[in-house]
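A short worksheet on the structure shown next.
The values are calculated or read from the model by the stated rules, or taken from the named source; none is laboratory data. Everything numeric in this text was worked out from a predicted model, so none of it was measured. Cβ placement follows ideal geometry from the backbone for every residue including glycine, while neighbour counts extend to all protein chains displayed. Protein only, heavy atoms only, side chains kept; ligands, DNA and RNA dropped before computing areas. Shrake-Rupley method; radii C 1.70, N 1.55, O 1.52, S 1.80 Å.
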Amino acid sequence: MTIAEVSRKYELSTDTLRYYERIGLIPQVGRTKSGIRNYTEEDCAWIELIKCMRAAGISIESLIRYCALTQQGDATISARKALLMEERRKLLEKLEEMEGTLERLNYKIRIYEKAEETGTFSWTPDGVS
């Protein structure tokens, strides 16, 4: 696939794809005889992984490290697993925080729903409306 096709498929700019390649997030993309990038299924799998992990808030630095370790081969299996486990720990922590925020929002929405039903807004015990 050309960079334009990959750009459309994954909704990433061509500049972003070039940047990902330049910093090592995508292993070196092959080129045609005329020098045009030719993305393989494996390259696209890396892009899918990057998009997924970035959407979850995983840092570019961690992804660069993971990609570099992967390129070093099987000797880095334990290091890659440790990196992924640390990112999972951070993500679970973030998820817990988000769940707390969601509970607070749901509580506040219920207060406003009650106000709509009664036509009166009453101050909540926590003093924050």
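Observations on the model:
- Among the residues making up the stretch 32-44, a single one is among the hydroxyl-bearing types (Ser, Thr, Tyr) and either in contact (Cβ under 8 Å) with a residue 60 or more places away in the chain or surrounded by 15 or more Cβ atoms within 10 Å (Cβ to Cβ) (or both): TYR39.
- Total residues in the stretch 32-62, condition outside any loop (DSSP other than H, G, I, E, B) and of a type in the set (Val, Ile, Thr): 3
- Unmet requirement for ILE47, which otherwise passes all of (1) modelled with pLDDT under 95; (2) open to solvent by less than 40 Å² (accessible area, probe 1.4 Å): (1)
- Single residue of the stretch 10-31 satisfying the filter (open to solvent by 60 Å² or more (accessible area, probe 1.4 Å) and assigned to a loop (DSSP other than H, G, I, E, B)) that is nearest to CYS52 (Cα to Cα): GLU11
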